[in-house]
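Visitor: This is the structure I have questions about; it appears just below.
The values are calculated or read from the model by the stated rules, or taken from the named source; none is laboratory data. Everything numeric in this text was worked out from a predicted model, so none of it was measured. Don't worry about glycine lacking a Cβ; one is built from the backbone with ideal geometry, like all the others, and counts go over all protein chains shown.
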Amino acid sequence: MNWTYKYRPLSTNEIVGQENAVKELIRFIKGNNPVIVYGSVGCGKTCSVYAVAQELGYEVLEVNASDQRNKEQIEQVIGNAAKQKSLFTKGRIILVDEIDGISGNEDRGGVQSLAKIIQDTAHPIVMVANDPYSKKLADLRKQCELIEFSRLDYPSIYEVLKKICKKENVEFDDLALKELARLADGDLRAAINDLQSICEDKNKLTQEDLDFIGLREKEQEITNALRLIFKSKDPKIVRQVFDNVPIDLDECFLWLDENLPFEYDGEDLANAYSCLSKADVFKGRIHRRQHWRYLVYQNDFMTAGVALAKKEKTSGFTKLRRSQRILKLWQAKMRNAKKMSISTKIAENSHSSTAKIVKDVFHFAKNYIAKNKEIIEELKLSSDEIEWITKKGS
Ligand SMILES: Nc1ncnc2c1ncn2[C@@H]1O[C@H](COP(=O)(O)OP(=O)(O)OP(=O)(O)O)[C@@H](O)[C@H]1O
Ligand SMILES: [Mg+2]
């Protein structure tokens, strides 16, 4: 069983770090007021609604707004649910997830019909938005209370992980567990999933288990690559330096960013940072629009651009500094990025939503996919994705 489900909070006192949000939630649900809840990923929005419902004796009817393709469907599914009184229980909470997913442009009516539904609903409606301040939701927002769920800090995540370890008889190295909590970057679901992936079979968590996130062995190679960029002025040589470095280009970017000021100064430094900022622009485009062919520009600005930013070749080399924090956060994010991109492919092939796959399916499917070549081919996974999914601890 998925540990996130097994250890979901069954009552509100088991929810960590969201005291105010939960209090507000109870108040608005009791008052039958429509609310929009928002906050970072995996911090307890959905499970809080369920815990509150449980305590108040309500049933929850959950609808994913982005699964409803048009206005008619929103009216039919959510509208009907909002009108019907339940005979058997005290009440019903209608939980509408992903309201920003209601197709905004092709179908402006979706949000409006939701706004109409909440005006005469028989039941409290809780809507979940990623960005409640988006323009699209402006009309709806005026009629709703907003509740923010805060990003969970790492000690709270650590406490939850520790409890789970005790219940599952997992022996753990305390520092490693803290590190795992930190790496989750506020996402308790991710932290619990990581813990389960590592410990389910061997009931033990050690510092080495975090190596898949760590960088130890990779440090030498990135050092050599940066040395070439900082010392050489030959674009032919430097353009290829990252090809054999076993970390991705975005991470190399952070290394450059961190170390540039120790190598360059004055105008050279300004020029080099200007190249990095251009690389960053392409990086953004690649991530937003999946224009992978921009990778070559990002690479060129980071390598040849930075190398040629200095007026003269320099000698002497200060020891590289790594900012563990940024780098590790970044890696944790990249892990999620791969999870997202693979999940999107699964979703496309199974006609369901990416969000659903990430939350409910991915964790169970990944080992199966990793061992099954035909599925990998069918999903058309990229070599990066294959490497990631077949690696232990992904
Ligand atoms: N504040 C919390 N207290 C206790 N457990 C939590 C908390 N936040 C998350 N969890 C754990 O993580 C799981 C996922 O949380 P939940 O589904 O509520 O996140 P969410 O905020 O709705 O995320 P998303 O933005 O992806 O919808 C829960 O089932 C629970 O095990
Ligand atoms: Mg949720």
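Visitor: Within the stretch 315-323, is even one residue within 21 Å of P261 (Cβ to Cβ), at pLDDT 90 or above and out of contact with any strand residue (DSSP E or B) (no Cβ under 6 Å at 6 or more places or on another chain)?
Guide: no
Visitor: Also, quick follow-up: I'm checking my understanding of the structure. Among residues of the stretch 204-225 that are at pLDDT 85 or above and surrounded by fewer than 17 Cβ atoms within 10 Å (Cβ to Cβ), which one is farthest from A191 (Cα to Cα)?
Guide: Checked the stretch 204-225; the qualifying residue farthest from A191 (Cα to Cα) is N224.
Visitor: Still on this structure: With (1) within 16 Å of ligand 2 (Cβ to nearest atom); (2) under 22 Å from the mean Cα position of the chain (by Cα) as the list, and W3 as the residue in question, which single condition is left unmet?
Guide: Every listed condition holds for W3 apart from (1).
Visitor: Please go through the stretch 16-42 and pick out each residue that is under 24 Å from I157 (Cβ atoms) and within 14 Å of ligand 2 (Cβ to nearest atom).
Guide: Within the stretch 16-42, Q18, A21, L25, V37, Y38, G39, S40, V41, G42 qualify.
Visitor: For the stretch 18-47, enumerate the residues that are within 19 Å of the chain's Cα centre (by Cα) and touching a residue at least 40 places away in the same chain (Cβ under 8 Å).
Guide: Residues satisfying the conditions are V37, Y38, G39, S40, V41, G42, C43, G44, K45, T46.
Visitor: Here are some conditions: (1) more than 8 Å from ligand 1 (Cβ to nearest atom); (2) hydrophobic (A, V, I, L, M, F, W, C); (3) in a helix (DSSP H, G or I). C47 meets all but one. Which one does it not meet?
Guide: (1)
Visitor: Within the stretch 135-152, work out how many residues are out of contact with any strand residue (DSSP E or B) (no Cβ under 8 Å at 6 or more places or on another chain) and at pLDDT below 95.
Guide: 6
Visitor: Another question, then. Within the stretch 83-106, work out how many residues are at pLDDT 70 or above and either charged (D, E, K, R) or not assigned by TED's automatic domain parsing to the domain that holds G44 (or both).
Guide: Matching residues across the stretch 83-106 total 7.
Visitor: What residue, among those in the stretch 167-182 that are under 18 Å from Q207 (Cα atoms) and of a type in the set (D, E, K, R), is nearest to the chain's Cα centre (by Cα)?
Guide: For the stretch 167-182, the residue satisfying everything is R182.
Visitor: Can you tell me which residues in the stretch 156-175 are without any contact (Cβ under 8 Å) to a residue 60 or more places away in the chain, surrounded by fewer than 13 Cβ atoms within 10 Å (Cβ to Cβ) and assigned to a helix (DSSP H, G or I)?
Guide: Across the stretch 156-175, the qualifying residues are K166, D174, L175.
Visitor: Inspect all residues belonging to the stretch 43-60 and state whether any of them is farther than 18 Å from V22 by Cβ, out of contact with any His (no Cβ under 8 Å at 6 or more places or on another chain), in the same structural domain as I15 (by TED's automatic domain parsing) and away from ligand 2 (no atom under 16 Å from the Cβ).
Guide: Checking the stretch 43-60: at least one residue is farther than 18 Å from V22 by Cβ, out of contact with any His (no Cβ under 8 Å at 6 or more places or on another chain), in the same structural domain as I15 (by TED's automatic domain parsing) and away from ligand 2 (no atom under 16 Å from the Cβ).
Visitor: Then there is this: With the condition kept exactly as written, say whether any residue in the stretch 359-368 is over 26 Å from L205 (Cβ atoms), within 16 Å of ligand 2 (Cβ to nearest atom), of a type in the set (K, R) and modelled with pLDDT under 90.
Guide: no
Visitor: Here is a follow-up. Quick one: how many residues across the stretch 341-357 are within 16 Å of ligand 1 (Cβ to nearest atom), among the hydrophobic types (A, V, I, L, M, F, W, C) and at pLDDT 85 or above?
Guide: Of the residues in the stretch 341-357, 2 are within 16 Å of ligand 1 (Cβ to nearest atom), among the hydrophobic types (A, V, I, L, M, F, W, C) and at pLDDT 85 or above.
Visitor: Among the residues of the stretch 50-65 satisfying the criterion of being away from ligand 1 (no atom under 12 Å from the Cβ) and part of a helix (DSSP H, G or I), which is nearest to K116 (Cα to Cα)?
Guide: A65
Visitor: Need the failing condition index for N2 against (1) free of Cβ contacts under 8 Å to residues at least 40 places away in the same chain; (2) surrounded by fewer than 17 Cβ atoms within 10 Å (Cβ to Cβ); (3) within 30 Å of C199 (Cα to Cα), just the number.
Guide: Checking N2 against (1) free of Cβ contacts under 8 Å to residues at least 40 places away in the same chain; (2) surrounded by fewer than 17 Cβ atoms within 10 Å (Cβ to Cβ); (3) within 30 Å of C199 (Cα to Cα), the one that fails is (1).
Visitor: Further question: Scan L260, L228, L256 and give me the residue that is surrounded by 14 or more Cβ atoms within 10 Å (Cβ to Cβ), touching a Phe, Trp or Tyr at 6+ places or on another chain (Cβ under 8 Å) and assigned to a helix (DSSP H, G or I).
Guide: L260
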